[in-house]
Amino acid sequence: MSELPTGVERRAFDGTERLATRGEPVYGEPTDGEWRAWNPNRSKLGAMLELGMDTGLAGGETVLYLGAASGTTVSHVADFAGPTYAVEFAARPARDLLEAAESRDRLFPLLKDARKPESYAHVVESDVDVIVQDVATRGQARVALENRQFLADDGRLLLAVKARSEDVTRAPEDVFEDVRAELEEGYEVVETERLERYHTDHLGIVARPL
């Protein structure tokens, strides 16, 4: 098992040990004082950490989060990371994301399309340490490649691939193979693991820029 980032701990909630970060609750998760449980069934990154993937997260990193939705996962990230840019395209979840950001001065919501990085290039600093991507769209590898411009040379991509968003008619294994092959145009894949225990037909990928 890889080490957890500073600011992420395993703590007991109702007698069960769970991942936790310090921050205001966002999605009705159990709390214990300043700590709130991080539910891996509602978070691909949480699942990657629970499965012991080598995310390279240490705490304090600058993060670009693509597909922030209503803020479930990115709020946990902002609890332990440095500046966290949260890109979300849909207006409804973005309202919840703004609410999650109210108590987090390191979380910067951006109502933008992750497929069009030029629309937020003037806001997001270059050389971010980590890109976390969880976008439910066709062309997930292409999104990662288009946003590679923001990633530091020694940075990491933490990608959750949703097979059904690419093609509901094909076997997930075939979809994952194609996504990985395309991703290797600009990244070296360090580790992959199926997230099946928490998320059906999802693959977690850790990669470095070439």
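Observations on the structure shown:
- Positive end of the dipole of region 1-99 (Cβ unit charges, origin at the Cα centre): among 5, 91, 58, the Cα lying farthest that way belongs to 91.
- Percent antiparallel among DSSP beta bridges (both partners in the chain, rounded to 5): 55
- When both region 128-174 and region 1-69 are represented by their alpha-carbon centers, they are found 20 Å apart.
- Relative exposure of 150, 80, judged by other C-beta atoms within 10 Å (fewest first): 150, 80
- Taking Cα centre as origin and charging only the Cβ of basic (Lys, Arg, +1) and acidic (Asp, Glu, -1) residues, the dipole magnitude of the chain rounds to 560 debye.
- Between residue 31 and residue 154, the contour length at 0.36 nm per residue exceeds the Cα-Cα span by 40.8 nm.
- Contour minus Cα-Cα distance for residue 3 and residue 123 (0.36 nm per residue): 40.1 nm
- The chain: relative contact order as a whole-number percent, Cα under 8 Å and 6+ apart: 17
- The chain, helix-only ellipticity at 222 nm - DSSP H runs n ≥ 4, -39,500 (n - 2.57), divided by all residues, nearest 500: -6500 deg cm²/dmol
- In nm, spacing of pseudo-spin labels at residue 10 and residue 137 (7 Å Cα→C-beta vector): 3.7
- Checking (i) 10.8; (ii) 21.4; (iii) 12.0 against the coordinates, the calculated mean projected area of the Cα convex hull in nm² falls under label (i).
- Once both labels are positioned 7 Å from their Cα atoms along Cα-to-Cβ, the gap between residue 95 and residue 42 label points is 1.8 nm.
- q = 0.11 Å⁻¹, region 2-92: log10 I(q)/I(0) [Debye, one scatterer per Cα]: -0.28
- Subtracting the Cα-Cα distance of residue 103 and residue 116 from their residue separation scaled by 0.36 nm leaves 1.9 nm.
Bear in mind these aren't lab numbers, they're just calculated from the coordinates by the rules spelled out. All of these numbers come straight from a predicted model, not from anything done at the bench. Cβ: placed from backbone, ideal geometry, glycine included. Neighbour counts: every protein chain shown.
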